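Okay, structure first, notes after.
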Amino acid sequence: MFGRFGRQIPLFLLFTVLAIPRIVRLLSPNVWVESEAYLNCSFLVSLGMKPFIDFPLCHPPGPEILLGSLFLLTGACIRSVEILTQLLVFFCSIMIFFIGKRLANRVVAISAAILYSVSYVIFRYHVFEREIYIAIPVLLACWFAIDLAEDRNPSGKPLLISLLLSIAFLVKLTALAHVFGILTYLMLSPYGFRKTLSILVTTAILTALIFGVLLVSYGRAFFIQVFLFQFVVHASAALAPKLRLFSEILDINLSLGFAGLLLLILNRKLKFWMLPVLELSSTFLFIVLLNATFWPHNGIELLPWLCLLAGYFIAGIVAGIRELKLNPGLAVAVCLFVILATTVFPFKVGDWGFGYQKRSDIESLSKVVKIHSRPEDVIQVPSIIAFESNRKEAVPFEEIAGTMIDLQDEVQRKGWMATIRNPNLDKQNFGANVEQSRRFWIPKLFLALQENRIPVVMNSPTRGIGPFVPIHIKEPFLRQLGYTPLSLPGNYVLWFLSAESK
């Protein structure tokens, strides 16, 4: 009577456990958003504006188009994006569970899924990050790749893998790392080299079609901002700082993951785990070693594979406890974990991704902005406030706006190859590039202020996150132009034009 239902109870309980961290994050009073500009880009898409033409964007526009469509139904607000992100993370954790179960057993799968769901970077990037979006097609492609490697009803699955990988390119160009990892796995599996080559060709054709549509829709601005931008404005960071940041943001999962990898080697199980090992290796190669920069959110792309390896290590410990036996391989792996966790990758307990900015502050500031501006106005406030207020920014995506103007002007005047070789566009670190490129939009901003075309101004508080420091407009200048200060809770000051100044 209860047989079938009873077998589903453990799975139901697991899904409940995986949902709890997502609910906890939604209930947190703080919002941590480092990629505020992408939210505004999505809002502008919902207004019918075109990326790359009406506002700058340095990635393929998949997430922005998706969110812009969502905003037509829900309205543009942090909550709608956050709920979608939490649903995507929940789905990722479930996919990690099923992949772990295919590779080994339920203990491995449950451990990996829980580790992923409570990871620091997953809590920190709870509103928006491209790596969350790219994980969905990649994990699904991995699931179908395992099917092909095991020869489980391959009909239609090669095309599905190609389609999913091409969709990943619509999110982020680092999809190349996952194409390399997944297809290398299939080449080394019984599926074989020649069949895998057909998947590669199909993926290339589908991706070319997608980029062709984007090129037709947005013109050469798309190519300049998505591709050329990556090659001419990022100096390659030194390896040591990248590795240090890599170790800091992936916390305990690094120590557990490396211990799991060693245990796989010692137990001679590595050939059965080639998919996560190759995915981890390829993402590390492309995203950490070869990538010009490495940001904390980049670590999200390595996280599923680290968690799966960590799950294998935890399952080994559980088996050792059950059998009251510590085999030599497990003993060596445990020693490695202890050494890594206490010296190389020391575990740090900080805010665990719950800090940054009060949600209540954002909501109250946005209400005041709406009072002192009209829906059609452009305003000069922090991106997150403009987004929650449903107002357009005077300078969308300030970090890259000047660089995109410079690049497009260079291509227009000198052509593609001359732009790439131009010493004035020589590679430099992101922060320096932001500072240097401000000269292209600051005069336009100050002219708009002097002409009273910007009804609301609010300087960004110093946040200490990343290299980008927003421009601060001096108070005497604002007073001279007729702006009136309004002090708000949380030490925020909003400047608005008085009625006679408008």
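The values are calculated or read from the model by the stated rules, or taken from the named source; none is laboratory data. What you see is a predicted model, and the numbers here were worked out from it, not measured in a lab. With ideal geometry, Cβ positions are generated from the backbone for all residues, glycine too; neighbour counts draw on all protein chains shown. Just so you know, the surface numbers come from the protein's heavy atoms only, side chains and all, with ligands and any DNA or RNA stripped out. Shrake-Rupley method; radii C 1.70, N 1.55, O 1.52, S 1.80 Å.
Looking at this structure, is residue 272 of a type in the set (Phe, Trp, Tyr), in contact (Cβ under 8 Å) with a residue 24 or more places away in the chain and either within 23 Å of residue 293 (Cβ to Cβ) or not in a helix (DSSP H, G or I) (or both)? Please lay out each step first, then the result.
Values: of a type in the set (Phe, Trp, Tyr): yes; in contact (Cβ under 8 Å) with a residue 24 or more places away in the chain: yes; either within 23 Å of residue 293 (Cβ to Cβ) or not in a helix (DSSP H, G or I) (or both): no.
For residue 272, the condition - of a type in the set (Phe, Trp, Tyr), in contact (Cβ under 8 Å) with a residue 24 or more places away in the chain and either within 23 Å of residue 293 (Cβ to Cβ) or not in a helix (DSSP H, G or I) (or both) - is not met.
Scanning the stretch 87-109 for residues that are surrounded by 21 or more Cβ atoms within 10 Å (Cβ to Cβ) and either in contact with an Asp or Glu (Cβ under 7 Å, 6 or more places away or on another chain) or not aliphatic (A, V, I, L, M) (or both) turns up 92, 93, 97, 100. Within the stretch 369-378, does at least one residue satisfy the condition of being closer than 26 Å to residue 25 by Cα and aliphatic (A, V, I, L, M)? No, there is no match, as no residue in the stretch 369-378 is closer than 26 Å to residue 25 by Cα and aliphatic (A, V, I, L, M). Each residue in the stretch 244-268 was checked for being among the charged types (D, E, K, R) and touching a residue at least 60 places away in the same chain (Cβ under 8 Å), and 2 pass. All conditions in (1) open to solvent by less than 60 Å² (accessible area, probe 1.4 Å); (2) modelled with pLDDT of 85 or more hold for residue 355, with the sole exception of (2). Just to be sure before I move on: is residue 112 open to solvent by 30 Å² or more (accessible area, probe 1.4 Å) and either under 28 Å from residue 306 (Cβ atoms) or basic (Lys, Arg) (or both) in the structure I sent? The answer is no for residue 112.
Taking the stretch 364-386 as the range and being acidic (Asp, Glu) and surrounded by 16 or more Cβ atoms within 10 Å (Cβ to Cβ) as the test, only 377 passes. Given the criteria hydrophobic (A, V, I, L, M, F, W, C) and modelled with pLDDT under 95, does residue 231 qualify? For residue 231, the condition - hydrophobic (A, V, I, L, M, F, W, C) and modelled with pLDDT under 95 - is met.
Residue 31 satisfies every condition listed in (1) more than 19 Å from residue 387 (Cβ to Cβ); (2) in contact with a helix residue (DSSP H, G or I) (Cβ under 6 Å, 6 or more places away or on another chain) except (1). Going by what's in this entry, would residue 119 be described as small (Gly, Ala, Ser) and without any contact (Cβ under 8 Å) to a residue 40 or more places away in the chain? No.
Quick check on the stretch 272-287. Is at least one of its residues in contact with an Asp or Glu (Cβ under 7 Å, 6 or more places away or on another chain) and β-branched (Val, Ile, Thr)?
The initial filter retains those residues of the stretch 272-287 that are in contact with an Asp or Glu (Cβ under 7 Å, 6 or more places away or on another chain), namely 283, 287.
Checking which are β-branched (Val, Ile, Thr) leaves us with 283, 287.
Yes: the stretch 272-287 contains one or more residues that are in contact with an Asp or Glu (Cβ under 7 Å, 6 or more places away or on another chain) and β-branched (Val, Ile, Thr).
So, residue 417, is that one farther than 27 Å from residue 485 by Cβ, modelled with pLDDT of 90 or more and in a helix (DSSP H, G or I) or not? In short, no.
Answer yes or no as to whether residue 389 is modelled with pLDDT of 90 or more, under 25 Å from the mean Cα position of the chain (by Cα), of a type in the set (S, T, N, Q) and open to solvent by less than 20 Å² (accessible area, probe 1.4 Å). Considered against the rule, which asks whether it is modelled with pLDDT of 90 or more, under 25 Å from the mean Cα position of the chain (by Cα), of a type in the set (S, T, N, Q) and open to solvent by less than 20 Å² (accessible area, probe 1.4 Å), residue 389 comes out as yes.
If the requirement is being at pLDDT below 90 and out of contact with any His (no Cβ under 7 Å at 6 or more places or on another chain), which of these qualifies: 287, 249? Don't jump to the end; show me each part of the working.
Numbers: 287 fails: at pLDDT below 90.
Just one listed residue meets the conditions, 249.
Of all residues in the stretch 115-124, at least one satisfies being open to solvent by 50 Å² or more (accessible area, probe 1.4 Å) and modelled with pLDDT under 95.
Looking across the stretch 59-86, the residues that are open to solvent by less than 10 Å² (accessible area, probe 1.4 Å) and closer than 17 Å to residue 213 by Cα come down to 60, 61, 63, 64.
Pairs please, first residue from the stretch 65-93 and under 19 Å from residue 36 (Cα atoms) and assigned to a helix (DSSP H, G or I), second anywhere and open to solvent by less than 20 Å² (accessible area, probe 1.4 Å) and charged (D, E, K, R), Cβ atoms under 6 Å, 6+ apart in sequence or on different chains. Short answer, once both residue conditions are applied: 86/22. Before we move on, is residue 164 assigned to a helix (DSSP H, G or I), closer than 30 Å to residue 353 by Cβ and without any contact (Cβ under 8 Å) to a residue 40 or more places away in the chain? When the stated conditions are applied, residue 164 passes them. Here residue 272 meets the list (1) within 24 Å of residue 131 (Cα to Cα); (2) of a type in the set (Phe, Trp, Tyr); (3) surrounded by fewer than 17 Cβ atoms within 10 Å (Cβ to Cβ) almost entirely, failing just condition (1).
When the criteria are applied in full, residue 155 meets the requirement of being farther than 30 Å from residue 357 by Cβ, out of contact with any helix residue (DSSP H, G or I) (no Cβ under 8 Å at 6 or more places or on another chain) and not β-branched (Val, Ile, Thr).
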